[in-house]
Amino acid sequence: MEALYADWIDLFPYKVHVRVFWDRMEVKAHLFKIEIPFSELEGMGIVERIPWYVGRGIEPYPHNRTLYVVSRRRNCVEVRKGSGFWRRLVLSVNQPDLLIESVKRYSGRGWII
């Protein structure tokens, strides 16, 4: 199935792909794949600055169930979901506004902020 919207995060030497399909959003790297059905999605928003202790790369914080996939420290997208272990994903995609707009459009949920 072809993605309706695709973006990526450059974590040299590999890339993390973020894709939006008709029924779900997908975050995929070499080591893992997280699928977020639109029914589990609780909200999305732009994070202006991430905490100082988060470095560059894929950083799990199991104590607050947050997974950071960060290549830069500004204008990241925060995805909140209702089930699963990782309840928050913070992604530093290239075009955060377009990612949020495409999820709004294809999920049919205009309330995602």
| What is the helix-to-structure angle for 96-107, meaning the angle in degrees between its Cα long axis and the longest Cα principal axis of the chain, kept from 0 to 90 and rounded to the nearest 10? | 30 degrees
| request: Excluding Ser71 itself, calculate the net charge of residues whose Cβ lies under 15 Å from the Cβ of Ser71, where each Lys or Arg counts +1 and each Asp or Glu counts -1. | output: +3
| request: Report the net charge of residues surrounding Asp97, where surrounding means a beta-carbon distance below 14 angstrom and charges are Lys +1, Arg +1, Asp -1, Glu -1. | output: -1
| said: Given a 10 angstrom Cα cut-off, can you work out which residue in Trp22, Trp86, Trp52 is the most mobile in a GNM of the chain? | reply: Trp52
| task | Sequence neighbours fewer than 8 away in the same chain don't count; with that in mind, list the aspartates and glutamates whose C-alpha is under 12 Å from Lys15. | result | Asp7
| query | Which of the listed residues, Ala3, Leu31, Pro62, is farthest toward the dipole's positive end in the chain, when Lys, Arg count +1 and Asp, Glu count -1 at the beta-carbon? | reply | Pro62
| Out of these labelled values of log10 I(q)/I(0) by the Debye sum over Cα atoms at q = 0.11, 0.17, 0.23, 0.24 Å⁻¹, (1) -0.42, -0.84, -1.28, -1.36; (2) -0.50, -0.88, -1.19, -1.23; (3) -0.30, -0.76, -1.49, -1.63, which was calculated from the coordinates shown here? | (3)
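Listing Val69, Val47 from the residue with the fewest other Cβ atoms within 10 Å to the one with the most, what is the order?
Values: Val69 23, Val47 17.
Fewest-to-most Cβ neighbours within 10 Å comes out as Val47, Val69.
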| Rounded to 5, percent antiparallel among DSSP beta bridges of the chain | 90 percent
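Read-outs: derived from the displayed coordinates by stated rules, not from any lab. If you're wondering where the values come from, they're calculated on a predicted model, not measured in any experiment. Positions of Cβ are backbone-derived with ideal geometry, glycine not excepted, and every protein chain shown enters the neighbour counts.
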